[in-house]
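The values are calculated or read from the model by the stated rules, or taken from the named source; none is laboratory data. If you're wondering where the values come from, they're calculated on a predicted model, not measured in any experiment. For neighbour counting, all protein chains shown are included, and Cβ atoms are generated from backbone atoms with ideal geometry for every residue, glycine included. When the accessible area is computed, the model is the full protein with side chains, heavy atoms only, and any ligands, DNA or RNA have been set aside. Shrake-Rupley method; radii C 1.70, N 1.55, O 1.52, S 1.80 Å.
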Amino acid sequence: MSIEGFCVVAGVTLSRWTMSYFALALLALLSAEGLMATGFGFPAAALEAPETLVLVHVVAIGWLSLLLCGALFQFVPVLIARQLYSDRLPLPTLVCLVAGLLALVCGFLQLAGRVSPDVPCFPAAALLLSLGFALTVWNLGRTLWAARPLSLPAYFVVVGLCALVATVILGVIFALTLGGTTTNATLVDLTAAGLPIHAVAGLGGWLTFTAIGVSYRLLAMFMLAPELEGRTTRGALAFGTVALAVAILGGTVAICHAIGPENRVGIVLTVAGVLGLAALALYGHDIRHLYRERRRRKIELNSRMAGIAVANLAAAAVGLAILAATGLLERYVGAVVLFVGFGWLTGLGLAKLYKIVAFLTWLECYGPVLGKTPTPRVQDLVVEPSADKWFFLYFAAVWAATLALLVEFPPAFRVAAAVMLIATAGIVAQIVRTRLLANVASERRLPAGAQMPRLLVSSPKST
Amino acid sequence: MTTAFVDLDVRPVLRDGGEPFEAIMNAVGGLKPGEGLRLLATFKPTPLLHVLGARGFTHTAKEIGGGDWEVLFSPALDAPPAGTTASPESANPAAADNGAWPEPSQHMDNRELEPPEPMERILAAVEAMAPGEVLSALLCREPIFLFPQLAKRGHRWRGAFEDDGKSYKVLVRIGAPTKGAL
């Protein structure tokens with residue numbers, strides 16, 4: 001038998017702290033929705049108000065970034081079939097990010113006059129968050145670097161990590177300026193006009209672009225669809241990368257070299273937006289292809305709900321284009337950001353989390369005894385009909401909340417936010433039941449040799 | 001059995017930010033039958049434990065202070081290290097990894113199954129096979145969560161994408177009954 005070309009691959013084990021990342025991320029999501037339901041921040045306060053900034057960062061860092069970091073520490077090794085560079089760094093990284101977020105929230109509350117200005121919250125936030133994200137980029141970057149040449153989905157993650165670096169650098173500049181640490185004229189200009197660039201780099205680059213890369217692989221895997229490496233996928237990567245480069249680098253240059261009080265950030269962002277729409281159109285084409293070519297006809301909840309999230313992204317892109325073309329974007333930008341954050345990113349995140357927690361828990365608990373004794377299947381850990389209704393309620397509430405912002409009726413927004421909170425709590429309860437094996441019949445739950453997983457920490461030894 | 005160990009200290013390479021994998025595999029390739037490797041590293045080289053486990057080495061790892069680790073890789077009794085030219089296959093059930101493996105006694109096509117069913121089927125099949133036998137399985141992607149499970153059970157494997165670039169073929173060679181988990 002020929003064994004030429006065969007190689008030994010070490011495989012991937014469980015990332016110990018990923019469940020802790022997920023738990024803290026969900027806590028941040030529930031907190032943000034609770035704040036929205038009580039009328040904290042936009043639309044009761046202005047879009048630029050410190051209260052709104054608290055809300056945005058609890059969602060962007062506390063929920064979405066922790067979710068993405070926890071998922072990447074587990075799934076970048078899956079994307080490239082390599083072990084994570086360091087299994088020790090994720091814990092200090094988590095501590096830095098959470099402490100940094102708390103300091104940042106305190107800093108915004110100082111701006112709002114709700115917290116005493118004596119404590120240097122912004123410098124602390126700048127230090128802790130840049131350290132936490134630097135550790136993330138270092139760990140994932142070293143992992144990816146060792147695996148060159150990379151597959152196409154991994155390149156999306158690389159570009160996402162570059163956008164994360166840009167987001168953090170701008171964020172640190174803002175924090176040091178707002179905290180009074182620096183009065184450098186260029187940095188003050190960047191703080192005054194750079195918010196759209198920071199938001200595009202964070203929401204569009206780090207969160208959306210990375211999620212797109214991971215979704216290519218996860219959707220293909222869970223629906224038994226062919227992996228995409230073709231021209232449209234390369235096109236999505238190329239257009240998206242150029243769009244982000246234009247927005248981030250071009251936008252920064254436009255601010256630093258502004259002539260008079262006017263700068264050309266608006267023009268730069270329009271160009272980037274057109275390129276970004278092309279990338280999203282190609283991504284949409286690819287995802288439609290994946291759903292059509294799948295060999296598994298009956299798909300699971302996570303793939304169905306991810307489909308709704310991708311449709312929301314498409315709707316957001318179309319809406320964004322229409323609002324920009326009609327000059328109404330500034331008035332409705334809050335609704336667009338809400339819809340991207342909750343309809344697309346949070347929807348996709350919750351859908352994938354539902355599957356990932358089930359799979360990782362199953363692998364941790366039953367992996368060691370597979371084949372030796374009858375074990376439950378992954379799908380025995382979940383009860384999809386129970387989760388289905390919470391997901392539909394969640395998406396309906398997000399659509400209602402967006403509509404409430406479009407018709408500028410804040411009371412309806414608060415009701416919708418409260419429904420989002422309830423639906424999210426329902427989904428979280430389902431995920432916790434999965435982790436605790438509560439959906440598995442008790443006589444099958446723990447066959448000989450299997451160990452009950454702990455809620456917040458995985459045991460890599462079991463794989 | 002007393003094993004003679006060849007020393008390899010990769011700490012200077014690691015401290016310089018280098019990648020010692022090639023040096024380690026060269027050292028392993030140069031081992032004589034029955035020899036083991038004493039490896040000194042600045043961290044516990046978990047992926048390497050799996051790689052060398054797949055080549056028939058058992059290991060004991062201990063921390064030796066300052067964050068450094070000493071790992072002793074010993075050739076398993078039935079499995080001479082890679083590069084060994086000894087022994088006809090049938091007499092020694094594990095002719096070296098670089099040598100020929102017997103024809104697979106079982107074939108499996110798992111390409112139409114959703115993860116993790118391929119892993120479940122492969123692990124169920126290997127439990128029923130005798131030491132030295134080889135299982136061949138086709139999959140639609142690299143089964144990266146399977147490998148640590150195989151390593152833990154003392155089996156060895158090789159895998160590669162087929163020429164079509166879509167099917168992944170993995171060969172699993174059944175090891176001697178497990179002598180304790182990794």
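General observations
- Signed unit charges on C-beta, dipole axis of chain A, positive-most listed residue A:Cys162, A:Leu436, A:Ala401: A:Leu436
- Taking θ as phi - 60° and the Karplus parameters 6.51, -1.76 and 1.60, the scalar couplings of the stretch A:399-410 work out to 4, 5, 5, 5, 4, 4, 6, 5, 8, 6, 10, x Hz in sequence order, x denoting glycine and proline.
- In sequence order, the stretch A:83-94 has phi-based couplings of 5, 5, 4, 9, 8, 8, 5, x, 5, x, 4, 4 Hz under the Karplus curve 6.51 cos²θ - 1.76 cosθ + 1.60, θ = phi - 60°, and Gly or Pro positions carry x.
- Distance from the stretch B:4-60 to the stretch B:112-169 (C-alpha centre basis), Å: 25 Å
- Cross-link pairs exceeding 29 Å in C-alpha to C-alpha distance, out of B:Lys32/B:Lys166; B:Lys32/B:Lys152; B:Lys62/B:Lys152; A:Lys355/B:Lys62; A:Lys372/B:Lys32; A:Lys355/B:Lys152, comprise B:Lys32/B:Lys166; A:Lys355/B:Lys62; A:Lys372/B:Lys32.
- When each of the peptides B:161-169, A:343-351 is scored by how many other beta carbons lie within 10 Å of its residues on average, the order from highest to lowest is A:343-351, B:161-169.
- Between the listed residues A:Gly334, A:Gly367, A:Leu178, the Cα displaced farthest toward the positive end of the dipole of the protein assembly as shown, a dipole computed from Cβ unit charges relative to the Cα centre, is found at A:Gly367.
- Pairwise FRET efficiency - B:Met129 versus A:Arg454, Cβ, R0 = 51 Å, nearest 0.05: 0.90
- Remark: the Cα gyration tensor places the stretch A:269-344 in the oblate category, a/c being 1.5 or greater and a/b not exceeding b/c.
- Distance from the C-alpha centroid of the stretch A:335-401 to that of the stretch A:153-189: 32 Å, rounded to the whole angstrom.
- Shape call, the stretch A:315-417: gyration tensor on alpha carbons, a/c limit 1.5: prolate
- Rh (Kirkwood; distinct C-alpha pairs) - the protein assembly as shown, Å: 26.4 Å
- Summing Cβ point charges (Lys, Arg +1; Asp, Glu -1) relative to the Cα centre of chain A gives a dipole of roughly 1480 debye.
- Selected from A:Leu79, A:Phe133, A:Phe42, residue furthest toward positive end of dipole (the stretch A:27-149; charges at beta carbon): A:Leu79
- When B:Met25, A:Met452 are compared by accessible area at a 1.4 angstrom probe, the order from most to least is A:Met452, B:Met25.
- Per residue, the average separation of C-alpha pairs within less than 8 Å and at least 6 apart gives the stretch A:167-230 a relative contact order of 28 percent.
- Modelled this way, with points 7 Å down the Cα-to-C-beta line, the labels at A:Val383 and B:Glu162 are 4.2 nm from one another.
- Residues A:Ser116 and A:Ala185, FRET efficiency given R0 of 25 Å [Cβ-Cβ distance, rounded to 0.05]: 0.30
- Heavy-atom accessible area order for A:Arg454, B:Arg55, A:Arg445, B:Arg173, largest first, 1.4 Å probe: A:Arg454, A:Arg445, B:Arg55, B:Arg173
- The mean number of partner chain beta-carbon atoms within 10 angstrom of a residue's beta-carbon across peptide B:166-174 is 1.
- Global form of the stretch A:248-311, assessed from the alpha-carbon gyration tensor, a/c cut-off 1.5: prolate
- Point-to-point label distance, A:Lys372-A:Ala134, nm (Cα→Cβ direction, 7 Å offset): 4.5 nm
- Take each residue in B:135-148, count the other chain C-beta atoms within 10 Å of its C-beta, and the mean is 5.
- 5 angstrom amide H check on B:Trp157, placed H, neighbours 5+ away: B:Arg173
- Residues in the stretch A:372-403 that a label on A:Glu443 would reach, taking backbone N under 17 Å of a point 7 Å out along Cα→Cβ: A:374-377
- Calculated FRET efficiency for the pair A:Phe409/B:Lys32, C-beta based, R₀ 60 Å, to 0.05: 0.15
- Antiparallel content of DSSP bridges confined to the protein assembly as shown, in %, to 5: 75 percent
- Shielding by other protein chains, A:365-375, mean Cβ within 10 Å: 5
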